[in-house]
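What follows is a single structure, written as structure tokens, with notes after it.
The values are calculated or read from the model by the stated rules, or taken from the named source; none is laboratory data. Remember, predicted model here, so these are calculated numbers, not experimental data. Quick reminder, even Gly has a Cβ in these numbers, built from the backbone with ideal geometry, and neighbours come from all protein chains shown. Just the protein is used for accessible areas: all its heavy atoms, side chains included, with ligands, DNA and RNA removed. Shrake-Rupley method; radii C 1.70, N 1.55, O 1.52, S 1.80 Å.
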Amino acid sequence: GVISDFDGEFLKRWRECHPEKPYVPIEERTTFYVKESYPEEHKPLVVEILLEPSFFRDMMPMTGAKEALLEMEKMGLQVFICTSPLTTYKNCVLEKYQWVEDQLGTDWVNRIILTKDKTLVKADYLIDDKPNITGVESMPAWEHILYDRPYNREVNKKRLVWTNWKSVLNL
């Protein structure tokens, strides 16, 4: 949801697989976890889509994300991609690596940090769409900058979209 369009891919697949069932547009999402936005009887269908082969690999990049990451690299910033796998990770882990290689190149694969606990990562900033990141460390080393999404707008933190990243990071 920060450099790849998770929500766009989910909604595309939902409409293809379940055209007769209502969907929740991203603008109406009020929770980070897409499954929690759907009624109980539809939650298994949500999970089914998230576990489909190629779900993570086929996501489109977020507008401006690739350009911003490549510009950060040119500026000499050390940029890593910190991502959490689904607990049912069968397709997720491999496809996240494939996506990074396909979209950003082989060199970027070496910059993937795959973890369920982002609080353990040492960095200056963590740009993430999850409103509250918790884990082992109660005071992570990084400043959490929210990638702006409808479901995190109630949280009062610095916000970033790829068109304003330089000003948010004071660069």
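How many angstrom lie between the C-alpha centres of region 99-160 and region 31-67?
17 Å
For a quick check of understanding: with a 1.4 angstrom probe and all protein chains in place, what accessible area in square angstrom does residue 63 have, to the nearest ten?
Counting only protein heavy atoms, residue 63 exposes about 130 Å² to solvent.
Top to bottom by accessible area (1.4 Å), largest first, where do 112, 49 land?
112, 49
Out of the chymotrypsin sites (Phe, Trp or Tyr not before Pro) in region 119-154, which ones are loop residues according to DSSP with at most 11 other C-beta atoms within 10 Å?
Listed in order of number, the matching sites amount to none.
What's the carbon and sulfur percent of region 18-162's accessible surface, probe 1.4 angstrom, rounded to a whole number?
Here carbon and sulfur together make up 52 percent of the probe-accessible area.
Run the numbers for residue 114 and residue 21: contour at 0.36 nm per residue of separation, minus the present Cα-Cα distance, in nm.
Between residue 114 and residue 21, full extension yields an extra 30.1 nm.
Starting from the amide H of residue 145, placed 1.01 Å from N in the peptide plane, find each other amide H under 5 Å away whose residue is 5 or more places distant or on another chain.
126, 127, 128
What are the principal axis extents of the Cα atoms in the chain, in Å, biggest first?
49, 36, 32
Could you go through region 82-88 in sequence order and give the Karplus-derived ³J(HN,Hα) for each residue, using 6.51 cos²θ - 1.76 cosθ + 1.60 with θ = phi - 60°, rounded to whole Hz, and x for Gly and Pro?
Each residue's phi maps through the Karplus curve to give 9, 9, 9, x, 5, 5, 8 Hz.
Please give me, ordered by residue number, the trypsin sites (Lys or Arg not before Pro) of region 76-132 that lie in loop per DSSP and have at most 11 other Cβ atoms within 10 Å.
90, 116, 122
Of all the stretches in the chain, which is the longest one without any exposed loop site, taking GluC sites (Glu not before Pro) in a DSSP loop (any state but H, G, I, E, B) with at most 16 other Cβ atoms within 10 Å?
Here the longest run is 21-136.
Using the Cα gyration tensor of region 117-171, with a ≥ b ≥ c the square roots of its eigenvalues, what is the shape: rounded (a/c below 1.5), prolate (a/b larger than b/c) or oblate (neither)?
The shape class here is oblate.
For a quick check of your reading of the filter: which chymotrypsin sites (Phe, Trp or Tyr not before Pro) in region 3-66 sit in a DSSP loop and have no more than 11 other Cβ atoms within 10 Å?
Filter output for region 3-66: 33.
Could you list, in their original order, any pairs among 21/66; 35/74; 118/166; 12/166; 12/74; 90/157 whose Cα atoms are separated by more than 29 Å?
The answer is 21/66; 35/74; 12/166; 12/74; 90/157.
With a 1.4 Å probe and all protein chains left in place, how much accessible area per residue does the chain have, in Å²?
Roughly 57 Å² per residue, with all protein chains present.
Taking region 1-94 as the region of interest, what is the percent of Cα-Cα pairs per 10 angstrom bin, listed from the shortest bin to the one with the maximum distance?
Reading the bins upward from 0: 14, 43, 29, 11, 2.
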